[in-house]
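Scroll down for the structure; my scribbles are underneath it.
The values are calculated or read from the model by the stated rules, or taken from the named source; none is laboratory data. Bear in mind the structure is a predicted one, so any value in this text is a computation, not a measurement. In this analysis, Cβ positions are derived from the backbone assuming ideal geometry, glycine residues included, and neighbour counts consider all displayed protein chains. With ligands, DNA and RNA removed, areas are computed over all heavy atoms of the protein, side chains included. Shrake-Rupley method; radii C 1.70, N 1.55, O 1.52, S 1.80 Å.
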Amino acid sequence: MAGFLARRLLGSVVLAAVAASLAYLLAAAALDPRANYAGRTPQPPPAAVDAQLAALNLNDRTPLFERYLTWAGGVLRGDFGRSVTGSPVGDDLRRRAGVTLRLVLLGLVCGSVLGVAAGAAAAARQYGWFDRLSAGLAYLLLAIPVVVLANVAILGGTWANDHLFGRRVLLVGGERSAGLDAGLWAGLLDRLQHLILPTVTLSLGLIAVFSRYQRNLMLDVLGADYLRTARAKGLSRRRALVRHGLRTALIPVATYFAFVFGTLLTGAAFTEKIFGWHGLGERLISAVFTNDVNTVAAISCLAALAVLCASLAADLLHAALDPRVRAG
Amino acid sequence: MTLSEEEVAGELGPAMAAPPSRGRVLARRFLASRQGRAGAAVLALMFALAFAGPLFSPWSPADKDFTAFLAPPSPRHWFGTLQTGADVYAVTLCGLRRSLIVGLLAALVSTALAALAGAFAGYFGGWTDRVLGWAADLLLALPAFLVLAIMSPLFGAGQWPLFVIVLALFLWMVTAKIVRGMTISLRQREFVRAARYLGVPPVKIIFSHVLPNLSSLLIVDATVNVSAAILAETSLSYFGLGIQPPDVSLGTVIADGSRTAIYAPWTFWFAAGLLVVTVLAVNLAGDALRDAFDPAAKGPR
């Protein structure tokens, strides 16, 4: 087991390094930081632009491979370089990682818990009204792209503010109201009000996926012998389902949870951008438009690391939860 | 009870038991399910709307009506107009056409890639297998959205075929792994071994013996990819990272509409609705198709 784990870890590290390098090379080749200076008035002298770009390790006159080596050397020392405006990328991203993490964690927890509950309830009464309803809703949700869902959520929130609450309850735009200074509780409430709509947007899609997944897993488990044994020894249907059925069916869901967590780091980008949250994904989109090679490369690095950590965590979680894997 | 064509043919023809063709069996199974009928009908309607719909409107996507800015739907403008005076009906259908084409092409390319990569990796094994496996793992580790966003400056106006290819590059990995596994087991089957011993070159074996036997998987995969590609394309185009102006796709139309959606709902809902209905129809048709190919695995997964 330890040997397997070590090999797996080594493979993941190599893969992450290659993926991050590839992302840097792609970004450095496709983005053009020099274009940022083209539209300036007065036009800066070319020598000054060159010097500025060279100082940021963005000069396209330096060979690509040389720039890559400088960048990689910095990353190995924990330095992600500086953005096009000259501020260190690392500090900016550290602050943004917190924002993204908050949104993703809450969305993922809401999405998976509600999804698992819905899926389990649907499976317990297969072809009942709830099963049909949740299947239909999940089908519909899976066909709605996030950009549409987020906009519909904003429209719905605005409508609810105007017609249901009569005041602004659901807030859109940023993670908190700018310049609000009203003590701890009011500040927390304000953050909560901003949190609702993005979390709903992020979790609805996840609920659809998790509920379908959980339903099918539950249906597989429901026909198993050990569940009949549990019933035969006198457990009620509900207790047998929850204690023996749900717990077993949760194992693959837990590994899926870890996997989704890794991909959501960038997957939440659309939600962040539309709701104006200053997270990693939002930064990625704006960095592409400002030709910010170092920021793009740093976020790619984090994204590749997150995916690989998540898949590793998924494997470990599976081994920890499923006794059959441990024995084998 | 009606006599189907092959029954008539069977009575008239000299050979009694001509088995019904596989295509016809599939079509009958597909159309027997309500999902399949609904999905196919809606999809046909969408294609008709996208390709024939603009013929019925006097406005082209580039036209601007300077007498009606942000006007609600009316007999003159069926879906209303945008802030620029452009006709929403014309723009939306143009976007729908582009999104459908991009989705179909990306799905075809990615399924072809998956079939080739998986079959070659599975058939040849060894280094081919290892290199293709690494490539797939690498592309799985890099989020597709990230690479597409990085490369977006290259997808300027008129460069959408490049976008299609890059999009397809990120949809093939999982299917390729499945194809690889199935190819390894097909490789041991008698007919493939026989072909090999007869001296048929490996590439020819892959194309005439391996891939045809995986056709059901590949066809279903292609339909699933159509909806994935349409969703990815519209989301990226929404942020200006995919199809870029002056080209129009449903994503760019929805992005324009979302800015005015609160006080001019027609600029947003027609495009968003068409997009959701299209993806829904593709998913329904894909599920029905899978059931038609494999009646044992019935039920949505």
- Item | Per-region count, region B:261-279, residues open to solvent by less than 40 Å² (accessible area, probe 1.4 Å), facing another protein chain (nearest Cβ under 8 Å) and in contact with a Leu (Cβ under 7 Å, 6 or more places away or on another chain) | 3
- Message: Checking the conditions here, which among A:Ala303, A:Ala258, A:Ala254 is open to solvent by less than 10 Å² (accessible area, probe 1.4 Å), in a helix (DSSP H, G or I) and either within 27 Å of A:Gly156 (Cα to Cα) or aliphatic (A, V, I, L, M) (or both)?
- Response: A:Ala303
- Task: Residues being in a helix (DSSP H, G or I), under 15 Å from A:Val293 (Cα atoms), open to solvent by 30 Å² or more (accessible area, probe 1.4 Å) and not hydrophobic (A, V, I, L, M, F, W, C): count how many of those fall in region A:1-36.
- Result: 1
- Task: Just one of (1) surrounded by fewer than 21 Cβ atoms within 10 Å (Cβ to Cβ); (2) away from chain B (no Cβ under 11 Å); (3) not in a helix (DSSP H, G or I) trips up A:Trp277, so point out which.
- Result: (1)
- Task: For B:Ala135, indicate whether it is assigned to a helix (DSSP H, G or I) and buried (at least 21 other Cβ atoms within 10 Å of the Cβ).
- Result: no
- Query: If you check B:Gly126, B:Gly122, B:Gly181, B:Gly158, which single one turns out to be more than 14 Å from every other protein chain (Cβ to nearest Cβ), in contact with a Ser or Thr (Cβ under 8 Å, 6 or more places away or on another chain) and open to solvent by less than 70 Å² (accessible area, probe 1.4 Å)?
  - Reply: B:Gly122
- Sole residue being in contact with an Asp or Glu (Cβ under 7 Å, 6 or more places away or on another chain), surrounded by fewer than 21 Cβ atoms within 10 Å (Cβ to Cβ) and part of a helix (DSSP H, G or I), chosen from A:Arg191, A:Arg228, A:Arg239, A:Arg243: A:Arg191
- Item | Hits in region B:191-213 (condition: within 15 Å of B:Gly125 (Cβ to Cβ) and in contact with a Leu (Cβ under 9 Å, 6 or more places away or on another chain)) | B:Val192, B:Ile206, B:Val210
- Message: Take A:Val75 and tell me if it is more than 14 Å from chain B (Cβ to nearest Cβ), open to solvent by 30 Å² or more (accessible area, probe 1.4 Å) and closer than 30 Å to A:Leu312 by Cα.
- Response: yes
- Looking only at residues in region B:227-251 that are within 13 Å of another protein chain (Cβ to nearest Cβ) and open to solvent by 20 Å² or more (accessible area, probe 1.4 Å), which one is nearest to B:Ala285 (Cα to Cα)? B:Ala228
- Message: Taking the conditions exactly as written (farther than 22 Å from A:Ser21 by Cβ and of a type outside the set (Phe, Trp, Tyr)), does A:Ile274 satisfy them or not?
- Response: yes
- Query: In region B:72-108, what count of residues is obtained for those that are surrounded by fewer than 21 Cβ atoms within 10 Å (Cβ to Cβ), β-branched (Val, Ile, Thr) and part of a helix (DSSP H, G or I)?
  - Reply: 1
- Run down A:Gly107, A:Gly111, A:Gly81 and say which single residue is in contact with a strand residue (DSSP E or B) (Cβ under 9 Å, 6 or more places away or on another chain) and either crowded, with 16+ Cβ neighbours inside 10 Å or more than 30 Å from A:Gly173 (Cβ to Cβ) (or both). A:Gly81
- Item | Failed criterion for A:Tyr139 (all others in (1) hydroxyl-bearing (Ser, Thr, Tyr); (2) outside any helix (DSSP H, G or I); (3) within 10 Å of chain B (Cβ to nearest Cβ) hold) | (2)
- Item | Hits in region A:209-220 (condition: of a type in the set (A, V, I, L, M) and open to solvent by 20 Å² or more (accessible area, probe 1.4 Å)) | A:Val209, A:Leu217, A:Leu219
- Would you check if B:Ile205 is modelled with pLDDT of 90 or more and either away from every other protein chain (no Cβ under 11 Å) or not in a helix (DSSP H, G or I) (or both)? yes
- For region B:208-226, the count of residues that are part of a helix (DSSP H, G or I) and either open to solvent by less than 10 Å² (accessible area, probe 1.4 Å) or not β-branched (Val, Ile, Thr) (or both) equals 13
